[in-house]
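The values are calculated or read from the model by the stated rules, or taken from the named source; none is laboratory data. None of these values were measured; they are calculated from a predicted model. Glycine also receives a Cβ, built like all others from the backbone with ideal geometry; neighbour counts cover every protein chain displayed. Note: accessible area is taken over every heavy atom of the protein model, side chains too, but ligands, DNA and RNA are not part of it. Shrake-Rupley method; radii C 1.70, N 1.55, O 1.52, S 1.80 Å.
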Amino acid sequence: MVPARSALGAACLASMLLGCSQLDPEPKQSYPAIQVASAPAQNLDQACVANFQPGLDYFPDKTEFHYSNQLSVSYHGHYKQVTFRPSVSAEEPVEMLFVQCGTPMPEHGSRTIVVSVPVSRIVTGTRAMLGAADDLGVVDRFVGISDPRAITVPSFVKRVEQGQLSMMSGYAHGNIEPLMALDPDVYFTFHSAYPQFNMHPRLWALGIRAVPHGDILESTPLGRAEWMKVLAMLTNTEARANVIFDRVER
């Protein structure tokens, strides 16, 4: 008979080894580059631009924030400028540029988060985006999450069962090593009311495009719901987001 203490030790060792297992992410998929001769009729949600032309509006489907007291957006032909002003601290605002893939990189500051859109590979340290991802039809772009065991959205449960979602661990703030192994286009990280606990500045220094998610800091339920539009802007699905949010608003 194995002593109880030895059995417990063996279980702990097995758990540690499982937690340290190597991640083997699927290779990144690139969107095809297509010729765009005139302003597109809708946002390119699964394609890049092969022949950039200055002056064209590559984002005919736009969105805006009416209820969020932290988010603002402006569109500039081939890129979107998003600003997040946290309501709980006096830190400098977080500036983000979402640039249509295949088009030139606009000038930006050293602390600006620049993401090529539409993204195809998302990791999240918060479950707040999962329902919106399901509504927007972009569940297949998520490859990692902080804790798959806490998922309740059926389409994500299925993705876990099929082995298509890796566990990041580290709770809502993430675990840097497995996150880097997955090599995401963007990582949603929980934005804390206590700035010293936020991970996104450290992740930026490592080259990880971490987008802080601060929906719980909004002053109204509709302001919180509008955070789905950030995911829509990253996936070029603003038209769908506007329809969904209109339903939520009503």
Legend entry - Filter result (farther than 25 Å from residue 247 by Cα and of a type in the set (Phe, Trp, Tyr)) within the stretch 82-137: 98
Inset, instruction - Would you check which residues across the stretch 3-35 are modelled with pLDDT of 95 or more and aliphatic (A, V, I, L, M) and list them? - result: 33, 34
Legend entry - Pairs, first surrounded by 15 or more Cβ atoms within 10 Å (Cβ to Cβ) in the stretch 77-99, second assigned to a loop (DSSP other than H, G, I, E, B) and charged (D, E, K, R), C-beta under 7 Å, six or more apart: 77/57
Inset, instruction - Please verify whether the stretch 133-142 includes one or more residues that are in contact (Cβ under 8 Å) with a residue 40 or more places away in the chain and open to solvent by 20 Å² or more (accessible area, probe 1.4 Å). - result: yes
Legend entry - Residue count for the stretch 114-129, restricted to those that are surrounded by fewer than 20 Cβ atoms within 10 Å (Cβ to Cβ) and outside any loop (DSSP other than H, G, I, E, B): 3
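Do we have residue 172 as at pLDDT below 85, closer than 23 Å to residue 86 by Cα and among the hydrophobic types (A, V, I, L, M, F, W, C) here?
Judged against the criteria, residue 172 is a match.
Condition check ((1) among the aromatic types (Phe, Trp, Tyr); (2) outside any helix (DSSP H, G or I); (3) modelled with pLDDT under 85; (4) surrounded by fewer than 23 Cβ atoms within 10 Å (Cβ to Cβ)) across all residues:
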site	(1), (2), (3), (4)
180	no, no, yes, yes
188	yes, yes, no, no
193	no, yes, yes, yes
196	no, no, yes, yes
202	no, no, yes, yes
207	no, yes, yes, yes
219	no, yes, no, yes
Inset, instruction - Evaluate the stretch 55-75: report whether one residue or more is in contact (Cβ under 8 Å) with a residue 60 or more places away in the chain and outside any loop (DSSP other than H, G, I, E, B). - result: yes
